[in-house]
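For reference, the structure is listed below as structure tokens.
Each reported figure results from applying straightforward, stated rules to the coordinates on display, with no laboratory input. Note that the coordinates shown come from a computational prediction; the quantities given were computed from them, not determined experimentally. Using ideal geometry, Cβ is built from the backbone for each residue, glycine included, and neighbour counts are taken over all protein chains shown.
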Amino acid sequence: MAREPRERDDKDRDSDFIDKLVHINRVAKVVKGGRRFGFAALVVVGDQRGRVGFGHGKAREVPEAIRKATDAAKRAMLRVPLKDGRTLHHESVGRHGAGKVVVRPADQGTGIIAGGPMRAVFESLGVGDVVAKSLGTSNPYNMVRATFDALKQQQSPRHIAQRRGKSVQEIVQKRGTAVKEKAEAAAGA
């Protein structure tokens, strides 16, 4: 009887996630009698509160491939610190294979300015304002992996302060003065 509530909790936990189908690819295997077709699916799963994951699944039928990809994505979740629960803390560059992406925080009201596979990642993550650019390949697998590489580099001021043994206020103040100095130098040039 102890299993019943646990199963219910798992169902509740699964209902918190939203999944986005990014890409379906039809693949063929040549055998003696002809071709056997299968499907490969790329899915991004997130809770829209800072956790996101992606998965790849292959099967003979599309629904089965999507299910496998969704399960793989839920197993490989990543937590990303968000600024004010709506944008990233700082700019970062992610690379994977021939894919390179640049992600930048944006002012409130900007929205998600990103193409295709990157948009699915940010919507699942719960980011409301971000500017992202894909440089290099347009392969959705490499774009998603490069985006995840960029998201892994995100650090919150709290984490940096803890690592340096300083207060969060000191870190945020230094960031603000550096931005002002950079703006003054650009205006003077």
### Query
Rg and Dmax of region 51-117, using alpha carbons, in Å: what are they?
15.3, 45
### Task
Wrap a convex hull around the Cα atoms of the chain, take a quarter of its surface area, and give that in square nanometres.
16.4
#### Entry: Residue among ASP84, ASP129, ASP19 with the largest mean-square fluctuation in a Gaussian network model of the chain, springs linking Cα atoms under 10 Å
ASP84
### Query
Taking a temperature of 10 °C and a viscosity of 1.306 mPa s, what whole-number D in µm²/s does Stokes-Einstein yield for region 92-188 with Rh from Kirkwood over alpha carbon pairs?
106
### Task
Rounded to the nearest 500, what is the 222 nm mean residue ellipticity of the chain from helices alone, with -39500 (n - 2.57) per DSSP H run of 4+ residues and division by all residues?
-13500 deg cm²/dmol
### Query
What spacing in nm lies between the two simple spin-label points modelled at GLU181 and ILE160, each 7 Å away from Cα in the Cβ direction?
1.4
## Note on the structure
Too long for a 28 Å Cα-Cα cut-off, among LYS133/LYS166; LYS29/LYS100; LYS20/LYS133; LYS133/LYS182; LYS74/LYS152; LYS74/LYS133, are LYS133/LYS166; LYS29/LYS100
